[in-house]
């Protein structure tokens, strides 16, 4: 047995709050940096977990794990989960968890459209995005405009282009 090592996890307690959140997980590997864009808010129930709980599900190593799409995407790239460094950036909460699936569905779809636009924006900026993101409704541009400053600061374009920055968005 090798010597005991110390590791740390630091987080703000706000990420324990259940509800509709968006998140970007930055994964640093020996082969480069990847991003995983996700959301909370189940597709099949009225549950909307916290980002803290969701990242734990994403990295579940059990063979019968069902919510571990991040782990599966890394495995598709032949990347060992234990050889990575992770940083979860949570945005929200966008809305609170709903009591009924009928009330849950429109919020889930609104957050799903934002998830799609974040992933698309980051992909266009030259980042390696894990997974596929389906367009699942109309984006709420007033909410997306609140996300753009975060994306501009944390994930600026890695491409050299003729983009002209106007306000908080990019025009070509």
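Filtered by the rule that a residue be closer than 16 Å to residue 40 by Cα and either in a helix (DSSP H, G or I) or at pLDDT 95 or above (or both), region 112-142 gives 112, 113, 114, 115, 116, 117, 118, 119.
I want to confirm something. Restricting to region 46-75 and keeping residues that are surrounded by 10 or more Cβ atoms within 10 Å (Cβ to Cβ) and over 16 Å from the mean Cα position of the chain (by Cα), which single residue is farthest from residue 104 (Cα to Cα)?
The selected residue is 75.
Scanning region 114-138 for residues that are closer than 14 Å to residue 39 by Cα, crowded, with 18+ Cβ neighbours inside 10 Å, free of Cβ contacts under 8 Å to residues at least 60 places away in the same chain and in contact with a helix residue (DSSP H, G or I) (Cβ under 9 Å, 6 or more places away or on another chain) turns up just one, 117.
The values are calculated or read from the model by the stated rules, or taken from the named source; none is laboratory data. Values in this document were obtained by computation on a predicted structure and should not be read as measured data. As a convention, Cβ positions derive from the backbone with ideal geometry for all residues, glycine included, and neighbour counts pool all protein chains shown.
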